[in-house]
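Structure record follows, encoded as structure tokens.
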Amino acid sequence: MSKSSRFKITAIVVAVLVVIVALWLMNRPESDASSQTTDDAYIQADLTSIAPRISGVISQVMVRDNQSVSAGQLLFTLDDRDYQIALQRADAGIRSAQATLDSLKAQIERQGSEQQQAQATIDASQADLQLATENRQRFSNLARDGSGTRQAQQAAEANWKTARATLMKNNAALQAIKDQTQVLLADQEKAAADLQQANVAHADALLNLSYCQIKAPEDGIVAQRVVRTGSYAHTGEEQLTLVPLNRLYINANYRETQLTNVHPGQSVTFHVDALPGVTFTGKVESLSPASNVSFSPLPAHNASGNFTKIVQRITVRIVPDAGQKNLDRLKVGMSAEPTIQTDNP
């Protein structure tokens, strides 16, 4: 066999092998690859909208656009004069309610002393009535057998009636004291409730005053700042946004055919267009429970006869590994190209 013939045969064999490999690669399931890559990915973060919990005039702004702030740092303040007055009014309400309660307690204590005195008077009246009853019976017996005078009997009768009337009057006085005590106890209960309500009003006024200072709930970068000194801010009206750059993640939209072997915990490498040549590492955190189109306001309904199958995309959340160089240069919204290593556990 000539050299040219051998060359032709070799070329044909190589061509056939190339075709076979190409056909195998074309028909191999996409998920069989040891890594899965997509360029449909973007850096994201859970943005925090900053809005006042009360209305008021902006008195001071402490931050500027794109400034880095720490959790607890003062961002801006509202004019607190109205809320200072409300707090003073609440303080006065507490003092007034406390004074009313103290006065009622003192009156109830006096009622206790008066009740004891009235009871002692009743005890004395009962003794007088007992003596008058005995004298009445004795002088009645004497008058009946002629040993006593009619005049003495009448005097004893009058003394008995007087003693009985006195006891009834003293009993009525004691009952009046008891009734008044019940009224005072009811007033005391109401005064205690008023004091509690005054304390709640004070706590509410103090809380509203604290709302005049708007602080950063977490570390982040100031963005979309519309707050200006002298402007009026309504309750819940967004004044700026905090971007937590220390908690960035990537939302990577993979084709459903790529996700057979993708699961949380797998290693990821990714690049961003803004930093060519820089490679970052991360981990798969989670996979979305539904395709992207499922969350659309108008999800697709393929009930008609002209159905065309479209490969769906599923969002995979990827978190960068902490402590990497250049991690602080990543910004929300940057385009990324992640590669998931599906051959590792």
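The values are calculated or read from the model by the stated rules, or taken from the named source; none is laboratory data. Remember, predicted model here, so these are calculated numbers, not experimental data. Because the Cβ atoms are built from the backbone with ideal geometry, glycine has one as well, and the counts that use them run over all protein chains shown.
Below are the figures for this structure:
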item	result
Residues of segment 58-86 that turn out to be surrounded by fewer than 19 Cβ atoms within 10 Å (Cβ to Cβ) and in a helix (DSSP H, G or I), as a count	5
Test: Ser113 is under 30 Å from Thr100 (Cβ atoms) and in a helix (DSSP H, G or I)	yes
Any hit, segment 186-209, residues being out of contact with any Phe, Trp or Tyr (no Cβ under 7 Å at 6 or more places or on another chain), at negative phi, part of a loop (DSSP other than H, G, I, E, B) and small (Gly, Ala, Ser)	no
Residue within segment 255-269 that is under 21 Å from Ala45 (Cα atoms), basic (Lys, Arg) and modelled with pLDDT of 90 or more present	no
Near pairs, Cβ below 9 angstrom, 6+ apart or cross-chain, from segment 226-238 (of a type in the set (Lys, Arg)) to any residue that is surrounded by 11 or more Cβ atoms within 10 Å (Cβ to Cβ) and not in a loop (DSSP other than H, G, I, E, B)	Arg228/Ile58; Arg228/Val61
Filter result (hydrophobic (A, V, I, L, M, F, W, C), buried (at least 17 other Cβ atoms within 10 Å of the Cβ) and under 13 Å from Thr121 (Cα atoms)) within segment 138-173	Ala163, Leu167
Meets criteria (at pLDDT 90 or above and either within 18 Å of Leu207 (Cα to Cα) or among the acidic types (Asp, Glu) (or both)) for Arg81	yes
Among the candidates Ala203, Ala223, residue that is more than 30 Å from Gln36 (Cβ to Cβ), out of contact with any Cys (no Cβ under 6 Å at 6 or more places or on another chain), of a type in the set (A, V, I, L, M) and not assigned by TED's automatic domain parsing to the domain that holds Ala99	Ala223
Subset of segment 164-188 that is free of Cβ contacts under 8 Å to residues at least 60 places away in the same chain and of a type in the set (Val, Ile, Thr) - its residue that is nearest to Gln111 (Cα to Cα)	Val183
All positions within segment 191-206 that are within 14 Å of Gln88 (Cβ to Cβ) and surrounded by fewer than 18 Cβ atoms within 10 Å (Cβ to Cβ)	Asp204, Leu206
Residue count, segment 33-52 (criterion: loosely packed, with under 13 Cβ neighbours inside 10 Å and over 30 Å from Gln341 (Cβ atoms))	1
Count of residues meeting criterion [part of a helix (DSSP H, G or I) and over 60 Å from the mean Cα position of the chain (by Cα)] in segment 145-185	22
